[in-house]
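The values are calculated or read from the model by the stated rules, or taken from the named source; none is laboratory data. Just so it is clear, the structure is predicted and the values come from calculations on it, not from any experiment. We place every Cβ from the backbone using ideal geometry, glycine too, and count neighbours over all the protein chains shown. Calculation scope for accessible area: heavy atoms of the full protein, side chains included, ligands and nucleic acids excluded. Shrake-Rupley method; radii C 1.70, N 1.55, O 1.52, S 1.80 Å.
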Amino acid sequence: MTVRTRVAPSPTGDPHVGTAYVALFNYCFARAHGGQFLLRIEDTDQARSTAASEQAILDSLRWLGLEWDEGPDVGGDRGPYRQSERMALYGEFAQQLVADGKAFICYRRADELDALRQARREAGNSTALKPTDLALPDDEVAARKAAGEPYVIRMMVPEGEGSCRIQDMLRGEIELDWTMVDAQILLKSDGMPTYHLANVVDDHLMGITHVIRGEEWINSAPKHQLLYEYFGWDMPQLCHLPLLRNPDKSKLSKRKNPTSILYYQRMGFLPEALLNYLGRMGWSMPDEREKFALHEMLEVFDISRVSLGGPIFDMEKLRWLNGLWIREELSQEALAHRLCEWAFNRDNLNAVLPQLQPRMETLSDFAPQAAFLVSGVLPIDAAQFDELGVERDELIRRMQFALWGLESLSVWDREAVWSGLKSLADAMGIKVRDFLAPLFI
Ligand code: GLU
C-alpha cells in the first residue's frame, strides 16, 4: 500500500498557520513512508470561497517548502483537485445512498427544524435531529414535492442508545455517543454537497490512506465512518492532531494571535523558522533539540511522537527561534539577500513611495519614514493612552489586529479602515475619537 495523505483547506480567508501545521504533518508522514502528499481545495462553500484566498494558500505552503505531488496547480491522476470542479460526482453519490436506503430526501422547513429541536430539548434529549424526527406523512411529502419546495438529502443515522467507536492513530479507540449524531445534510437544497459528503467521496476517490487533521473534526468521524460503511469503502486511518492554542490555552484565534501566514511573512519571519516552530507544536525531535530543518525532521519522523497536550503557539518563542535561524543558519551574504527580497524589493518600494515621496527632502528621510511600514510596529506615543483608562498594550495590540485584519480585505480604503477601527472601538466601549487619537501623529 502506498501511503497517500492530503491537506484540504477551504479557501475562505487568509492562509492559516493551522493549515500549515496540518500540512506539515501530512507532508512528513507521506514522505517518511515513501508516499504521496496531495493538496485538495475544499471550496464547496461558493459564497465564501475566493480565488485570491486559494492562491494565497498555495503560495504560503510553497513559501514554507511543503511541496505537494498532486493538486489543483500541478495536476495528477485523481483530479480535479478543486471540489467546485467535481460537483456532478457528489450528487450521484448522494442519489446512490438514497436508492440504497442509506440517505433520505427531507422537505422539512427551517421553522419546523427549530420546533423539532425545541421539542427534543424539552424532552431532555440532545438536539441532534434523527430520521424519525424528520419524517413527514407521505401525502405531505407529495404535496411539497408537487409544489416544487426545496429539499435536502440527509444521511441515515442510528436512533437508539449506544456508542460509535473510532480508531485514532494517536488516541487509540475513541467512543462517541450516537445520540449526538444528527441526520447530517449531505446535499443542500441548491445541489451543493456539504463538507462531510465531499470530503469522504474525495478521500476515497483520491486513494487517501491516512487522514491527518485537526482535532476539531473528531465529532465528524462517526458520520464519516458511517458513510464509508454505506458506500462499502475502506476507511482511511484517522489521526486527529491537537489544536494549536494561544498562550492562555484558548484555541488559536486571530483575536489573540496573528493566525495568517501572510503576517509572519510580512513581519520578516523565515519560512524555515516558522516551519521549525510548527514542527515543535506537539512534536519533538528524539534528542529534544529545538532548532531543526525540515529534512532533519523527516529523517526521524514518527507520528507517534505527537503529544496530545494542546501545543501553545507563542509568538515570543517563535521570535527567539527565528533569531537563532538568522544568526546561526544564514551567512551574511544570505541574510543580505533575504533582506533585499523582503523589504526593499521593487514592489514594496512602489507601494510605499507614493506616501513617502511627498514627505522626503533627502534620500535619507526614507528610512525613518518607512520604518513603521517595514517593522509593522506603529510609532504610538504611550502618553496618549493614560486618559483612556484602558491597558495600553492591550489597546495597541487590538489596533494592530484590526489593521492586520484589514489586509485581507480587497478594499484598503478610507471607508474600510474607518469602519474596521470604529467597530473595534465600539466593541471596547471607547469613543472612536479617543481611540484613534494615538494614531494621528
Ligand atoms: N476543509 C476542511 C478544513 O478546512 C478539511 C478537514 C479535513 O481535513 O477533513 O479544515
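Kindly indicate which of L197, L243 is at pLDDT below 95 and either buried (at least 21 other Cβ atoms within 10 Å of the Cβ) or in contact with an Asp or Glu (Cβ under 8 Å, 6 or more places away or on another chain) (or both).
L243
I'd like the residue in the stretch 250-266 that is surrounded by fewer than 22 Cβ atoms within 10 Å (Cβ to Cβ) and over 22 Å from E216 (Cα atoms) and, out of all such residues, is modelled with the lowest pLDDT.
My answer is R266.
Within the bounds of the stretch 355-365, is there any residue that is farther than 30 Å from A437 by Cβ and either among the β-branched types (V, I, T) or under 25 Å from the mean Cα position of the chain (by Cα) (or both)?
Checked the stretch 355-365: at least one residue is farther than 30 Å from A437 by Cβ and either among the β-branched types (V, I, T) or under 25 Å from the mean Cα position of the chain (by Cα) (or both).
If I filter the stretch 241-254 for residues that are farther than 17 Å from Y27 by Cα, touching a Cys at 6+ places or on another chain (Cβ under 9 Å) and more than 14 Å from the ligand (Cβ to nearest atom), do I get at least one hit?
No, the stretch 241-254 contains no residue that is farther than 17 Å from Y27 by Cα, touching a Cys at 6+ places or on another chain (Cβ under 9 Å) and more than 14 Å from the ligand (Cβ to nearest atom).
Is it fair to say P150 is more than 18 Å from T44 (Cβ to Cβ) and either away from the ligand (no atom under 16 Å from the Cβ) or not in a strand (DSSP E or B) (or both)?
no
Out of the helices (runs of 4 or more DSSP H) lying entirely within the stretch 1-107, which hold 3 or more residues that are without any contact (Cβ under 8 Å) to a residue 40 or more places away in the chain?
Where helices (runs of 4 or more DSSP H) fall fully within the stretch 1-107 and carry at least 3 residues being without any contact (Cβ under 8 Å) to a residue 40 or more places away in the chain, they are 51-64, 87-99.
Considering only residues that are away from the ligand (no atom under 12 Å from the Cβ) and either crowded, with 22+ Cβ neighbours inside 10 Å or among the β-branched types (V, I, T) (or both), which ones fall in the stretch 202-225?
T209, P222 - these are the residues of the stretch 202-225 that are away from the ligand (no atom under 12 Å from the Cβ) and either crowded, with 22+ Cβ neighbours inside 10 Å or among the β-branched types (V, I, T) (or both).
Go through the stretch 331-343 and count every residue that is surrounded by 13 or more Cβ atoms within 10 Å (Cβ to Cβ), in a loop (DSSP other than H, G, I, E, B) and free of Cβ contacts under 8 Å to residues at least 60 places away in the same chain.
Residues meeting the conditions: 0.
Being open to solvent by 10 Å² or more (accessible area, probe 1.4 Å), touching a Cys at 6+ places or on another chain (Cβ under 8 Å) and either touching a residue at least 40 places away in the same chain (Cβ under 8 Å) or among the aliphatic types (A, V, I, L, M) (or both) narrows it down to one residue among F231, F301, F269; which is it?
Step by step, each of F231, F301, F269 is checked, and only F301 is open to solvent by 10 Å² or more (accessible area, probe 1.4 Å), touching a Cys at 6+ places or on another chain (Cβ under 8 Å) and either touching a residue at least 40 places away in the same chain (Cβ under 8 Å) or among the aliphatic types (A, V, I, L, M) (or both).
Matching residues to (1) on the phi < 0 side of the Ramachandran plot; (2) over 23 Å from the mean Cα position of the chain (by Cα); (3) within 14 Å of the ligand (Cβ to nearest atom):
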position	(1), (2), (3)
G160	yes, yes, no
I166	yes, yes, yes
I174	yes, yes, no
W178	yes, yes, no
D190	yes, yes, no
N199	yes, no, yes
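The rows are residues; the columns are (1) among the small types (G, A, S); (2) under 30 Å from S304 (Cα atoms); (3) away from the ligand (no atom under 16 Å from the Cβ).
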{"residue": "G13", "(1), (2), (3)": "yes, no, no"}
{"residue": "V22", "(1), (2), (3)": "no, yes, no"}
{"residue": "R40", "(1), (2), (3)": "no, yes, no"}
{"residue": "A52", "(1), (2), (3)": "yes, no, yes"}
{"residue": "A56", "(1), (2), (3)": "yes, no, no"}
{"residue": "S60", "(1), (2), (3)": "yes, yes, no"}
{"residue": "W68", "(1), (2), (3)": "no, yes, no"}
{"residue": "E112", "(1), (2), (3)": "no, no, yes"}
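Return only the number of the condition from (1) touching a Leu at 6+ places or on another chain (Cβ under 9 Å); (2) open to solvent by 40 Å² or more (accessible area, probe 1.4 Å) that G148 does not satisfy.
(1)
If a residue has to be assigned to a loop (DSSP other than H, G, I, E, B) and either within 18 Å of K188 (Cβ to Cβ) or open to solvent by 40 Å² or more (accessible area, probe 1.4 Å) (or both) to count, how many in the stretch 108-129 make the cut?
Of the residues in that region, 7 qualify.
For the stretch 1-11, what are the residues that are surrounded by fewer than 22 Cβ atoms within 10 Å (Cβ to Cβ) and more than 9 Å from the ligand (Cβ to nearest atom)?
M1, T2, V3
Search the stretch 304-318 for residues being surrounded by 14 or more Cβ atoms within 10 Å (Cβ to Cβ) and not in a loop (DSSP other than H, G, I, E, B), and hand back the single one that is modelled with the lowest pLDDT.
Filtering first and then ranking leaves M315.
This table checks each residue for (1) under 17 Å from F269 (Cα atoms); (2) at pLDDT below 90.
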{"residue": "E329", "(1), (2)": "yes, no"}
{"residue": "C340", "(1), (2)": "yes, yes"}
{"residue": "F344", "(1), (2)": "yes, yes"}
{"residue": "L349", "(1), (2)": "no, yes"}
{"residue": "Q357", "(1), (2)": "no, no"}
{"residue": "L363", "(1), (2)": "no, no"}
